[in-house]
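Each remark here refers to the structure printed beneath this line.
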Amino acid sequence: MAKGVAVIGASAGAAQAALTLAELGLEVKIITSSPSLGLDSTIDSASIAASGKHLSVWPLLLRVASHPLVTVYTNSEVATIAGKRGKFTIRAARNPRYVREDLCTGCSRCAEACPVQVPYLLDGRRATRSAIHTPSPDKQSVPTAFCIEKTGIAPCRAACPVGINVQGFVSLLSKGKIDEALDLINEAAPLAGILGRVCTHPCQDNCTRTEVDSPVFTPALHRFAADNAPRGINYRRKAPARSRREKIAIVGSGPAGLAAAWELARRGYSPTIFESHAVVGGMVATGIPRFRLPHEVREREVEAIKALGVDIMTGVTVGRDVTITDLRERGYRAFFLAIGAHQNRSLNITGEELEGVVDAVSLLFALNLKVGASVGSNIVVIGGGNSAVDSARTAKRRSKGEVRILYRRTAEEMTAVADEVEEAINEGVSIEYLTQPVEILGDGTKVTGIRCQRMKLGEMDADGRRRPEPIPGSEFVIDADHVVIAIGQRPNSSVLNIRWLEADADAATIQADPLTLETTIPGIFAGGDCVTGPNNVVDAVAAGLRAAESIDRHLRGRDLKKGRSLDKPKPVDIDVREREASYHKRARMPAIPPNRRMGKFEEIALGLPVEVGEREAERCLNCALCSECLQCEQVCELGAVLHKDKTEHIDIGAEVVIDFASANNDRDNYHHERSLSQGTSPQGAEQGIHTVGIDENRTLEEELALASALALEVVAKLRQREGVHPTSRDITSGSDIHLEGKPEAAEPISAGRARVGVVLCRCGDSISSVIDFNQVTNEVLQLPGVCNVQEISQACSEEGANRIKAQATEWKLDKVVLAACRCCGLEQICFSCTDRRVMCQQNLTNSLALYCGENVEFANIREQCAWVHEDDPSGATRKATDIISSGVARARQAVPAVSEEHPVIGSALVLGAGIRGLSAATNLATLDYSVTVVSAPESDAAKGAQSPEHLEYRAGLVKQLQERGIIIRPWPQDLELEGSPGSYEAVLKDRSQTSRIEAGTIILDLGELCGEIPPEAGAISKESRLGRILAPSIGSRASGDAHPADLREVAIKETSGIFIMSPNSEESPEEQALKGATAAAKASAYLYQGTLSPRGNAVTISSKLCRGCGNCAAICSYIEMRGRSSGIAYAHIDPALCLGCGACTAHCPTGAITQPLQSDELIGSTLEALLGKVACAVEAR
Amino acid sequence: MSRSAAHLVVFACNWDGLTCIEAAAQAGLSYPASVRVVRVSCLSRVHQGLILKAFELGAAGVMLLGCKPGNCQFDVDARYIAGEYEKARMLLRLLGLGEERLVLCHMARSDGSGFVKQVATFAQEIEQMQPAVPARA
């Protein structure tokens, strides 16, 4: 519904406009693309940062964000504004923050756990912070909630066929979190020890660091995680109970079969693997030499998978020993064929049948797994793939003679991994390129040699490689006593003996849907080398995982294809110049030197040493920023981290839009209403959208003035349109929680008798991880008056407040001491407050239905204890006990003053009729407040100082006021101010008559009153009440804007109702009018409250104890000395005027002045407790 | 349990003084747990009596932590605390406790590291002095 006002932007100006609107009773929606308020790149944030004033606006931001009528939409990009005045719909895209604003308390445990450091600019300097961090560089922000910086998916991760979060595990390794790294790898895929050794590592091929120097050594790190994780592999940790009863048969225990079994087990199934060999692992066991992949590594993985409840039947050949039909009869409902490609292709030349001619699969199997297998002394391997190279290297280890590889193309076309080829050469294997065997020669039984011919490369063939062509007449003969044919393998699916199973006629591969891996027979799936032909391990694992998903869907009767795709995720684009790159060079894999490898089958690559591994991991550029290692999610006790957060589209209704975000350099354009008409065009002429442009020269004060004046204008127009003119909020409706919660004449508790309950806030474990809550509880329970101690996870949430309420009810508590992060129960918002603390108080006020400041005592054990004593837990625990004990002491003693509510009259008195005063009067009149203007005595000096423009502008305002029937009264002979804030009475005395004007607020145009030029020549007597109040304002005129007075009022909450506009002769008429409007905005917000109560820490002065020394009156201009009939004066203050600084209290010689919430006695007992005296006494008892 | 740690009392002004203590925590800094913070509305609320009270209760040192000139929320600055500080120093001298057990710090807003540095140095200096109060039965 279109209600209220939408304020777009997060600048201090936007916040000021929103606060003014809300204080005048309008619903406000702040929409900002930034994650917190005060961060927009508009004028003020830069100037605020430059002047170090950002903390001045902090209370303003907090007041806005916590105002019940204000909703803040962060991370929200406005797309379109549709509709017209009175009925706008703002469509925005809410970008993910990945952290829930309602839950996050900013305890920063996530940031401590985050392994990724991302660069950012801090005051123009390059700095780094965790990928999960507070929105603003200086940690404070509104809202407090952290946010995560993500840019997408890192290229390494996008390239991984099994979807391993490569960046994630690398970042964890960089912080020495090896167990966590292995867990993260195993989130996506099993077999880390195997893949870490033999994967073709597309991750490394896609590494961005290549642009800097050389890629991160991801394969070595993958292995590093698998080999070094202290906890080892344990797939059971995250596996669910075996919940699914459907029987599944997997044929083949290679990487595809094992991966499928693993994934199915993780989904609750207990699959059975049938393996024809005695050894488990398929080609991984039989085809990969032990010096590349030791048996122990494979066996470890197999055992871990078995431990998941996977049954592996070895020595069973499906199709021969048992058929699929048999298995169906035994209740198997789904099948995964992963039989690999073990049948050798032959050369189809003569002599292949000779003794001494073997195929690569048999050779590797024999040398890998059989004892006593021997080789010849002149070995020739034919082929250029991995099995050729592996065969040659394996044979070389057993042979004292020569080992040669014949390959018909060049080194470039070899399909074997380049590193392995290099190692083979290092080990003494020679390679004859562009050489093709024509005939294998023999002596009738045994092989003796090979007749070969030389080749040259011709045209490209179908697979993109240049076709080798024989060079005529180049034939020659080489000797050989052992020939290994390694030109590729093909599956042998016929052995399966399955009717209707279709296979490719040429390649013999089983036909399966590329996405679902379902064969032509429903319920039978196939994957790995038997579908693709000989391929690498990682693709086989990927197929196994995909098959498992299909089988799960099949068994649950779900669509096999829905929501699945073979598309790889799109990797993020990175500008490497924006990244911090560690200066380390790529690590080298330590290896056994080639001359010590012969005759042995030990693993050559030794693995990275721990410190080298960590340093190598640090080389990662963290392409995607957040690595999604999920450490933050695991560490957050409050469940506030939400990695799955997505962009949402939201529609926000509003009657009027104020846009602080759009760039526009026209300084005065806030008067001009511009519209983005019906959606997108910024040039529309519809009314109702106010744009405040950017002006780098505008000061913070000017920005705030502009914003509040604009807000006032919006309110006036809205009310005019609706024809309603509320001058104060509807007090009876109870929309304001602060009033609703007033206690109903609660029985006064005499000091020292209160039943006190203590609440300990764990703050998502950020407090309780340092402070021993058990010990604190035991000790606090000993304190006098404490009847109950409760521990809660998060006091600032609504749930926390409700639990505290339940505790208070159950134990019939009079007072609660909350040990958390809040420091006081006052209304003020100081620079170190946070939105969670404000929220905490609001929730407590709501749930306890009592005034918090009086019934809840706060003790800060977070910033003042746990967070600064992490290195000393026992000291922190003792200190926490003392801090809480001081809170208990205060709670038992404090008897708050009965705070009275004063009504605020809906009228204003403007003293001084310069442009500022008249503008204020006009603006207030527009809002239907009754206004009286008293003009200062006309002085020639003042008149002479006015330029013609000023005079003309002023005349215009006078005319406007006259039209509204407001007359400007002349200055009386004497003007006295009586009454109290909210209901002042000005007594205007002239020779002939005395008139009294009642006013809720008083606005002073000092420029007119004191003259623009000589500030001394005032119309108000310095001795009068008004004169004394004005004195500091007049005195400090020259002192500049060290802290804007307006912002101070926001922090401590204005109660006096007196608004002073200072003179500045350099201001243009328009600037002066703006000042007037700003004062009117503040005054109307003050009037709109309807009632007023003094602030909690206001002083009271006992006239009985006062001996009239006047010390206090010299300190505070709000204190006045009054006469007594006895002739001895006494000091008096209106509590509503007191700012609560306490200076007068400290300097009262008789103790007549007290601050109930900050008396000497309370400070004394706080000291006593903090210095351990209370706990000491309790212990001694 | 022993409570022998030489406690330091920091009277911190609720405004800029407290921002330093907050900033120290936000920045993850640390200082001795013997430092105990008493929040007051403004340093001008503190008088010599309260300072002496802290010593009477066994504090080994007292730090008055307030804002830089011109930053006072109440435009009071050090107008009143400076005098109280001088008077209390005189009394500490008279009582034989040593005037160096009391320090007055005016710190910039949110100067967490500055605060930690000051308070840690102060704690160290105090530790090197003789016990503040001779052990009384």
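Computed from the coordinates by the stated procedures, all read-outs in this text should not be read as laboratory data. Just so you know, these numbers come straight off a predicted model, no measurement behind them. Positions of Cβ are generated from backbone atoms using ideal geometry, with glycine treated the same way; all protein chains shown enter the neighbour counts.
Computed across region A:754-893, the Kirkwood hydrodynamic radius from all distinct Cα-Cα pairs reaches 14.5 Å. Each stretch of four or more DSSP H residues adds -39500 (n - 2.57); spread over every residue of chain A, this sum gives -9500 deg cm²/dmol at 222 nm. When each of A:Cys632, A:Cys530 is scored by the number of other beta-carbon atoms lying within 10 Å, the sequence from fewest to most is A:Cys632, A:Cys530.
Can you tell me the FRET efficiency between A:Ser346 and A:Arg126 if r is taken as the Cβ-Cβ distance and R0 is 51 Å, rounded to the nearest 0.05? Efficiency computed from Cβ-Cβ geometry: 0.20. Quick check for you: which residues of region A:285-302 have the amide N under 13 Å from the point 7 Å beyond the Cα of A:Arg236 toward its beta carbon? What the label zone holds, given the 13 Å backbone N cut-off, is no residue at all. With a cut-off of 9 Å between beta carbons, the residues surrounding A:Ala1152 carry a summed charge of +2, where Lys and Arg count +1 and Asp and Glu -1.
Taking the longest Cα principal axis of chain A as reference, the axis of helix A:873-893 is set at about 30 degrees. Between the Cα long axis of helix A:537-556 and the first principal axis of chain A there is an angle of about 70°, rounded to the nearest 10.
Pairs exceeding a 23 Å alpha-carbon distance, out of A:Lys879/B:Lys117; A:Lys29/A:Lys150; A:Lys238/A:Lys644; A:Lys238/A:Lys646; A:Lys989/A:Lys1104; A:Lys400/A:Lys456: A:Lys29/A:Lys150; A:Lys238/A:Lys646; A:Lys989/A:Lys1104; A:Lys400/A:Lys456. Only Cα pairs under 8 Å and 6+ residues apart enter the sum, and on that basis the relative contact order of region A:343-489 stands at 33 percent. Over all directions, the projected convex hull of the C-alpha atoms in region B:8-128 averages 6.6 nm² in area. The phi torsions of region A:924-937, fed into the Karplus equation with coefficients 6.51, -1.76 and 1.60 and a -60° offset, translate into couplings of 5, 5, 4, 8, 6, 7, 7, 10, 10, 10, 10, 8, 5, x Hz, rounded to whole numbers, with Gly and Pro shown as x. Considering only beta bridges that DSSP places wholly inside the protein assembly as shown, some 40 percent are antiparallel. Going from the fewest other Cβ atoms within 10 Å to the most, the residues A:Thr777, A:Thr1100 appear in the order A:Thr1100, A:Thr777. Relative to the dominant Cα principal axis of chain A, helix A:218-228 is inclined by about 90°. The relative contact order of chain A comes to 12 percent, based on Cα pairs under 8 Å that sit 6 or more residues apart.
For region A:76-89, putting each phi into the Karplus relation 6.51 cos²θ - 1.76 cosθ + 1.60 with θ = phi - 60° gives couplings of 10, 8, 6, 9, 9, 10, 10, x, 9, 2, x, 7, 9, 10 Hz, in residue order, rounded to whole numbers and with x for Gly and Pro.
For chain A, the share of alpha carbon pairs falling in successive 20 Å distance bins from zero is 10, 29, 26, 18, 12, 5, 1, 0 percent. Stretching the chain fully between A:Ser430 and A:Ala93 yields a gain of 115.0 nm (0.36 nm per residue, less the alpha carbon separation). Of A:Asp463, A:Asp695, A:Asp326, the sequence from fewest to most neighbouring Cβ atoms within 10 angstrom is A:Asp463, A:Asp326, A:Asp695. Were the residues from A:Lys568 through A:Cys787 laid out at 0.36 nm apart, the gain over their Cα-Cα distance would be 72.7 nm.
If packing is taken as the average number of other Cβ atoms within 10 Å across a peptide's residues, how do A:1055-1061, A:470-476, A:921-927 rank, most packed first?
The densest-packed peptide leads the list: A:921-927, A:1055-1061, A:470-476.
Taking the alpha-carbon distance from A:Lys959 and a cut-off under 20 Å, which lysines remain once sequence neighbours fewer than 8 residues away in the same chain are dropped? Cross-link targets: A:Lys943, A:Lys1075.
Scaled to the globular estimate 2.2 N^0.38 Å, the Cα spread of region A:1100-1154, given as radius of gyration, is 1.00.
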